[in-house]
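Down below is the structure, laid out as C-alpha cells.
Values quoted throughout were computed directly from the atomic coordinates according to the rules given, and no laboratory measurement underlies them. Computed from a predicted structure; not experimentally measured. Virtual Cβ from ideal backbone geometry, glycine too; neighbours counted across all protein chains shown.
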Amino acid sequence: MSAPTTPPDRPRLPWDPPEHFEKRVPDGDNRERLVCGRCEFIHYQNPKVVAGAVCTWEDKILLAKRAIEPRKGFWTLPAGYMELGETTEQAAQREAREEACATIEIDRLLAMYSVARIGQVQIMYRAKLVTPDIACGVESEEVALVDWADIPWDQLAFPTVVWALAHFHESRDKSDFSTYSNPTGDLARMWPPRKPAGV
C-alpha cells in the first residue's frame, strides 16, 4: 500500500488525487487502484474515448494542422475527446466544427482503434461535409480540403490518422464493410508516418 506522490519536479496539478488516496488492491479486485483512505471510495482510472471522422467534399479530404501540442504543426483528421452527454457521432460532428468550422453528416462507422499505451479508444467515422465552407478553429493553424494524391503523409500527426486514411481508402467505394480495427503488418508499424504501400 502506497500513497500517490507528486513528482518533485512539478507542482501539484488539479487532476492529481488528494493526499489521502492510496494505491492498493481493493477487496475482490485484481489490480492496484487509487482508494480513499478515509471512506474506501475507489477512483477508477479508465481509457478516454476519442471520436472523429474522415470528412470529404467531392473526393477531397478535410485535414487540419494542429495549433496545439502534442504534435503541433502536423496534420490530422478532426477528432477529440468525447464530452459527457453526447454520442460518439455528436462528438465527431462537434470536433469537426471546433477544429475546422465544418458541418458534417455522418455516413457510417469506419473504424475503432485501441491505443493502450496512451489509454485511448478512438472511434472514427466516414462523413461528408454539408458545404465546402471550412476555416481554422482555435486548435488549428490551417485547414484544407486535399486530393488523395496530395495528402502530406510524412507530416501526419499520429499513427491512427494514417490508419484511418488507409482504411477510408480501402472502403471508399463500399457501402457495406466490416468496421476496421487496429491494423497488423506494415500499417501497424507506420511510424514515422508515410504513405502506406498499396494506397
(message) Under a Cβ-only charge scheme (Lys and Arg +1, Asp and Glu -1), can you give me the dipole magnitude of the chain about the Cα centre, in debye to the nearest 20?
(response) 520 debye
(message) Can you return the lysines within cross-link range of Lys60? Criterion is Cα-Cα under 29 Å, with same-chain partners fewer than 8 residues away left out.
(response) Lys72, Lys128, Lys174, Lys195
(request) Would you kindly state how much longer the chain becomes between Lys48 and Asp29 on full extension, computed as 0.36 nm times their sequence separation minus their alpha carbon distance, in nm to one decimal? (result) 4.7 nm
(request) Express as a percent, rounded to the nearest 5, the fraction of DSSP beta bridges in the chain (both residues included) that run antiparallel. (result) 75 percent
(message) Over all directions, the average projected area of the alpha-carbon convex hull for the chain comes to how many nm²?
(response) 14.2 nm²
(request) Please work out the Cα center distance from segment 108-128 to segment 142-183, rounded to the nearest Å. (result) 12 Å
(request) Measure nothing fancy, just the Cα-based angle from helix 88-100's long axis to the longest principal axis of the chain, in degrees from 0 to 90, nearest 10. (result) 70 degrees
(request) Among the lysines, select those whose C-alpha is under 28 Å from the C-alpha of Lys23, and discard any that sit fewer than 8 residues away in the same chain. (result) Lys48
(message) Between helix 159-171 and the chain, what is the angle of the helix's C-alpha long axis to the longest principal axis, kept within 0 to 90° and rounded to the nearest 10?
(response) 40 degrees
(request) Calculate for the chain the 222 nm mean residue ellipticity that helices alone would give, adding -39,500 (n - 2.57) per DSSP H run of length 4 or more and normalising by residue count, nearest 500 deg cm²/dmol. (result) -4500 deg cm²/dmol
